[in-house]
């Protein structure tokens, strides 16, 4: 059998490398030509680079040396070990061959040192366009942007690869403006250059620009290929536009595009991100054993995005090979869907495996979970974990740190993180401003807004909500007015903040007029602010108006019924209180279960009203009884108006006395060191009786007690609260 026949046979059979070796070695009278052909074959058609090296060793054992045509293939195959072949090349006199020297330069350009590549380049007398391209590409590979640009400018001739190299280089450093400039300056464009620009847009979040370029391509007659479709579909995924996704699918169908593995994977991701989970799951199941980490992670993220954590976890548990993205997707899913405790539990499981190193994305989700839980102890542990594992943080990572400290009530730490940031964005400012707002530090929030303007960062909608909330919680009426009037087109949330501010200072009629003059329909937050102000100032007439609107907007929200009932109770209108209770019963409205938790020993201890499930319930109730005696001696009288159930007065007092926040405070007093700050998180607005009781406990026990309810922070100390009894 002729040598060429052997090569053709292997090609047709797509033989695996071991079998190919057997055929090659068994050929009689193997010579340098046979080995050379086989070397080229393994590298170019089978991608078996290890076998290229093995075959070269076999040649040496046989006393044969490859000819000049084989060395470029051999050098490309051995990567950074090619430096060993450099001596062979020079010894055999092949150093002047243009293909060999290009391969050597390419090896040094990719594997380093880049200076050696430049030396080889400078020694060339008859440089080809390919040589220039290799050198420019090498500079981009090593991050030498200036050198790449200078060399490109010196090129006597350029081809499509030259221009595409510049487009790809700028795309990798996220300078899409420069990439597009080179793309536009290209004398001739082809599908490769278009794909380079498209991929640059897609990979850097410029989805709309990518779609615009795709339209230009179609209009110019350049036919898309699989790479084009992957970039375009990925851009659609980023936009999350179901209509655009549907149009793309229709176009693929009309053009009879072959859906290869990569296009199918991109389609799966697009459908998952655009909410078409059934279609995404169909593609996922069709892939069968060809599923990879990208497809698994896309489905997990898709399910978490719509809040289907059960399906997401089912897939997560089935992933054959998890990677850090798999863990991040599931942890973020829990954190973003109110399952913060599960997010932390999964993170601890991830850290314990030691097979996966958490990255910044992981830590952003974990810090967010700590913040939502108010788990400062766990948050500090995470910060130590960051330091110990040398995880570098971007602006996003630092923002999550500020969020965690702010939500845990540690504003000094939040401020320190903010101050040490080398660069800040609008989210950095908004997070700290919101923290000060919830904490009641209005003047600090205002200073921050002025500071961000001085730094050239324009306030956005969230900024103004935070500042107006800060003015409200701080009672800064005039400052709030000026801020509100400075907003070009205030939104409904800004109006809600202004109503809350006016209500706080007792200007309820002005708040009502503001609502009536709103250019848009008020939402529940607007009327909720008015209703709460009526509760504080005992305004029955306006309270009834606000409550009726709220019953229409959110008929199943029990909190609105409770507030109206409290207004009636404050005026002794018990028949109206009963009427509200009856309306709740007839409407099937159930009061939302209130719960509070406190952190201790690395765990969150959760309580509900009358809870006796905790291991230390006996001790907790004994301490509560002692505290109640002390409080009564100090003049405490239980406020039972928040109890909407029709039970005896004694039972009402017992129910009020075992509210979740009281149980949490009692537990914290039992387990914490003397003088330690107590931190409690409540899912609902703290009731009037608990607020009064905790003020007294702070004085009796000489403790600072911080309670974060669903509205603000309450810092109790020496019998006073930072909210000044308005919340």
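Compare the peptides 229-240, 331-342 by average per-residue count of other Cβ atoms within 10 angstrom and give them in order, highest first.
On the way: 229-240: 23.1, 331-342: 20.9.
So the order, starting with the most tightly packed, is 229-240, 331-342.
Shown for 516, 349: other C-beta atoms within 10 Å of each C-beta, ranked fewest to most, produce the order 516, 349.
Just the number, please: percent antiparallel of the DSSP beta bridges in the chain, rounded to the nearest 5.
Values: 15 of 19 bridges.
Roughly 80 percent of the beta bridges in the chain run antiparallel, per DSSP.
For the pair residue 142 and residue 593, label points projected 7 Å from Cα toward Cβ lie 6.4 nm apart.
Rounded to the nearest 10 degrees, the angle from helix 426-439 to the longest Cα principal axis of the chain is 20 degrees.
For the pair residue 191 and residue 513, the difference between a 0.36 nm per residue extended length and the Cα-Cα distance amounts to 109.7 nm.
Taking 7 Å steps out from each Cα toward its Cβ at residue 544 and residue 622 produces label points 5.2 nm apart. Estimated from the Cβ-Cβ distance and a Förster radius of 56 angstrom, the FRET efficiency linking residue 218 and residue 672 is about 0.25. Taken as Cα centroids, region 521-597 and region 99-141 sit 76 Å apart, rounded to the nearest whole angstrom. Computing FRET efficiency as 1/(1 + (r/R0)^6) for residue 461 and residue 387, where r is the C-beta to C-beta distance and R0 is 35 Å, gives about 0.50. Rounded to whole Å, give me the distance from the Cα center of region 467-501 to that of region 651-703. Cα centroid to Cα centroid, the span is 32 Å.
Between the beta carbons of residue 208 and residue 486, assuming R0 = 35 Å, the FRET efficiency works out to 0.70 to the nearest 0.05.
Overall form of region 137-201: oblate. Here a/c, set by the Cα gyration tensor axes a ≥ b ≥ c, is 1.5 or more, and a/b is not larger than b/c. The DSSP beta bridges internal to region 595-726 are antiparallel in roughly 80% of cases.
Take each peptide in 585-593, 674-682, count the other Cβ atoms within 10 Å of every residue, and average; sorted highest first, the result is 674-682, 585-593. Relative to the longest principal axis of the Cα atoms of the chain, the long axis of helix 309-318 makes an angle of roughly 40 degrees. Sorting the segments 173-180, 486-493, 131-138, 693-700 by their mean number of nearby beta carbons within 10 angstrom, highest to lowest, gives 131-138, 693-700, 173-180, 486-493.
How would region 426-488 be classified by its alpha-carbon gyration tensor: rounded, prolate or oblate, with rounded meaning a/c under 1.5 and the a/b versus b/c comparison settling the rest?
Working: a/c = 1.74, a/b = 1.20, b/c = 1.44.
Cα axes put region 426-488 in the oblate bin.
When shorter helices are ignored and each DSSP H run of at least 4 residues is given -39500 (n - 2.57), the per-residue value for the chain at 222 nm works out to -21000 deg cm²/dmol.
Which residues among region 489-509 fall inside the zone where the amide N is under 16 Å from a point 7 Å beyond the Cα of residue 557, along Cα→Cβ? Residues passing the 16 Å test: 492-501. Cβ-to-Cβ counts within 10 Å put 484, 183, 607, 356 in ascending order as 356, 484, 183, 607, the fewest first. Principal-axis analysis of the Cα atoms of the chain puts helix 32-41 at an angle of about 20° to the longest axis.
For region 595-726, the gyration tensor built on C-alpha atoms gives a rounded shape. Its axis ratio a/c (a ≥ b ≥ c) stays under 1.5. Give the distance, in whole Å, between the Cα centre of region 317-356 and the Cα centre of region 223-265. Taking the Cα centre of region 223-265 as reference, the centre of region 317-356 is 30 Å away. A crude spin-label estimate for the pair residue 579 and residue 720, with each label 7 Å from Cα along the Cβ direction, gives 4.1 nm.
Only the coordinates and a few stated rules stand behind these numbers; no lab work does. Since the model is a prediction, treat every value here as computed from it, not as a measurement. Backbone-built Cβ (ideal geometry, glycine too); neighbour counts: all protein chains shown.
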